[in-house]
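The values are calculated or read from the model by the stated rules, or taken from the named source; none is laboratory data. Since the model is a prediction, treat every value here as computed from it, not as a measurement. Methodologically, a virtual Cβ is constructed for each residue, glycine included, from the backbone with ideal geometry; neighbour enumeration extends over all protein chains shown. Remember, those area values only see protein heavy atoms, side chains included, never the ligands or the DNA or RNA. Shrake-Rupley method; radii C 1.70, N 1.55, O 1.52, S 1.80 Å.
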Amino acid sequence: MMNSKSLLLMPAFLLATLATTAHAIDSPVLADIQARVGAMETKMIGWRRDIHQHPELSNQEHRTAALVAEHLRRLGLEVRTNVGGTGIVGVLRGAHPGKVVALRADMDALPVKELVDLPFASRAKGKHMGREVDVMHACGHDGHTAILMATAEVLSGMKDRIHGTVKFIFQPAEEGPSEASQHEGEHIGALAMVDAGVLDNPRVDAVFGLHLMPGFPVGTVAYRPGPILASGDSFSIKVSGKQTHGGFPWNGIDPIVSAAQIVMGMQTIVSRQLDLSREPAVLSIGAIRGGNRENIIPDSVEMLGTVRTFDDGMRADTLERMRTTAESIARASGASAEVRFQQPGYAPTINDEALTAQMLPTLKRVTDGKAVLAPKLSASEDFSEYQKKVPGMFFFLGATGPGRNPATAAPNHSPKFEIDEAALAVGARTMTALALDYLGRD
Ligand SMILES: [Zn+2]
Ligand SMILES: [Zn+2]
């Protein structure tokens with residue numbers, strides 16, 4: 001027996017499990033969801049293929065957004081367009097009063113040349129940072145959009161049984177800017193939609209999002225309470241010295257040696273200064289540029305890199321230490337270092353523990369037990385911007401088909417990225433069940 005004292009000592013997520021297990025979706029409703037999603041699976045796959053064949057880069061998702069808006073209008077939803085750029089919001093009011101749940105999909109593609117042999121493979125071109133590039137849905141956002149369009153249709157058909165409101169968020173620019181004209185600090189993607197009030201009017205109580213992931217077999221979903229995806233901060237370091245002849249380095253200040261020391265010093269922040277028993281962290285330098293001749297020590301060196309953490313406090317601490325480390329090492333030789341972080345970066349995606357525990361029975365039920373605990377992934381997502389404002393849960397949707405090894409499947413952003421389309425129905429069933437179970441239903 002559980003007494004009140006032991007209840008008080010229980011973590012919030014266990015309490016939530018106790019409180020809500022009884023609401024986990026029951027067989028008739030599950031069968032109804034399965035039938036409704038099954039009946040429109042071919043249509044959903046058709047949308048995905050159409051969007052796949054017509055991929056659009058960040059904040060250029062005009063065709064995709066128009067497709068989504070037209071579909072939501074046809075369903076009779078309240079539709080808002082141009083929310084935070086090309087974003088679309090659809091509001092479905094259930095027959096009964098209740099809470100508000102938001103479901104989010106992202107719509108943008110990447111500057112990647114598709115190498116998958118599909119009849120609907122992309123041959124599209126687009127403008128990325130002012131240059132013409134090949135464009136591909138190499139992150140599965142075509143699937144996310146199709147899944148949410150289908151979920152909107154299924155839930156519209158079940159409106160009479162919904163207690164509360166479902167908000168469908170179709171977000172642009174998850175992958176970051178594609179326009180060279182975008183100025184430093186400008187809000188795009190999730191942040192721009194939050195600025196535009198997507199979580200208000202009516203106020204959202206909880207938000208769910210998913211991501212197609214070839215690392216898991218199709219049929220599974222992977223969840224994780226707490227941090228699931230890392231923060232992502234891009235940075236540049238400019239090391240300035242004094243140009244001189246390579247034969248007389250004492251006549252100048254060598255920024256190349258200083259830059260080399262900074263690269264090594266940066267690695268000791270993660271290995272020697274951060275409490276890695278709390279959360280892991282990763283710091284990578286991806287580019288070093290400087291100099292043009294073997295016997296000239298250049299005036300300056302520029303480095304580019306990325307840093308990832310799973311905790312807001314560790315993130316702030318790491319960025320601070322990076323600045324101190326680079327500046328101090330440069331100063332030791334008379335050089336100077338300027339560290340700049342691209343604003344705004346991505347915060348870690350941290351799933352609300354109580355909400356995750358509350359929805360876990362639903363995830364298990366709707367996948368017939370194939371809900372697995374996900375590892376932390378050191379990729380980033382701007383879904384974190386919604387989670388800063390309201391409790392949210394982000395999960396992975398298994399995308400690798402039978403007979404293939406999820407561990408060796410081409411990852412997101414690869415030109416060979418591929419999904420098994422059976423994942424789309426799993427995604428639509430899961431999103432529908434999450435919304436219904438969160439809100440409560442007849
Ligand atoms: Zn991506
Ligand atoms: Zn993505």
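Step by step: first the residues of region 358-383, then only those that are aliphatic (A, V, I, L, M) and part of a loop (DSSP other than H, G, I, E, B), then the one that is farthest from ligand 1 (Cβ to nearest atom). Which residue is that?
Ala374
Cβ-Cβ below 6 Å, separation at least six or inter-chain, first residue in region 252-271 and in the same structural domain as Pro298 (by TED's automatic domain parsing) and open to solvent by less than 60 Å² (accessible area, probe 1.4 Å), second of a type in the set (Lys, Arg) and part of a helix (DSSP H, G or I): which pairs?
Ile269/Arg321
Regarding Glu153, is this residue at pLDDT 95 or above, open to solvent by 40 Å² or more (accessible area, probe 1.4 Å), more than 16 Å from ligand 2 (Cβ to nearest atom) and part of a helix (DSSP H, G or I)?
yes
Read through the list (1) of a type in the set (Lys, Arg); (2) open to solvent by 10 Å² or more (accessible area, probe 1.4 Å); (3) under 27 Å from Ser414 (Cβ atoms), then give the number of the only condition that Lys159 fails.
Of (1) of a type in the set (Lys, Arg); (2) open to solvent by 10 Å² or more (accessible area, probe 1.4 Å); (3) under 27 Å from Ser414 (Cβ atoms), only one is false for Lys159: (3).
Can you name the number of the only condition in (1) open to solvent by 20 Å² or more (accessible area, probe 1.4 Å); (2) in contact with a strand residue (DSSP E or B) (Cβ under 9 Å, 6 or more places away or on another chain); (3) at pLDDT 95 or above that Pro119 fails?
Every condition holds for Pro119 apart from (2).
Determine, yes or no, whether Asn351 is surrounded by fewer than 21 Cβ atoms within 10 Å (Cβ to Cβ) and either within 16 Å of ligand 2 (Cβ to nearest atom) or polar (S, T, N, Q) (or both).
no
Of the residues Asp317, Asp352, Asp312, which is in the same structural domain as Tyr386 (by TED's automatic domain parsing) and under 29 Å from the mean Cα position of the chain (by Cα)?
Going through Asp317, Asp352, Asp312 in turn, just one is in the same structural domain as Tyr386 (by TED's automatic domain parsing) and under 29 Å from the mean Cα position of the chain (by Cα): Asp352.
Does Gly241 fit the bill of being in contact with a His (Cβ under 9 Å, 6 or more places away or on another chain) and under 23 Å from Ile288 (Cβ atoms)?
Spelling it out, it is not the case that Gly241 is in contact with a His (Cβ under 9 Å, 6 or more places away or on another chain) and under 23 Å from Ile288 (Cβ atoms).
Given the conditions (1) open to solvent by less than 40 Å² (accessible area, probe 1.4 Å); (2) part of a loop (DSSP other than H, G, I, E, B); (3) of a type outside the set (Asp, Glu), report the number of the one that Asn59 does not fulfil.
(1) is the only condition that Asn59 fails.
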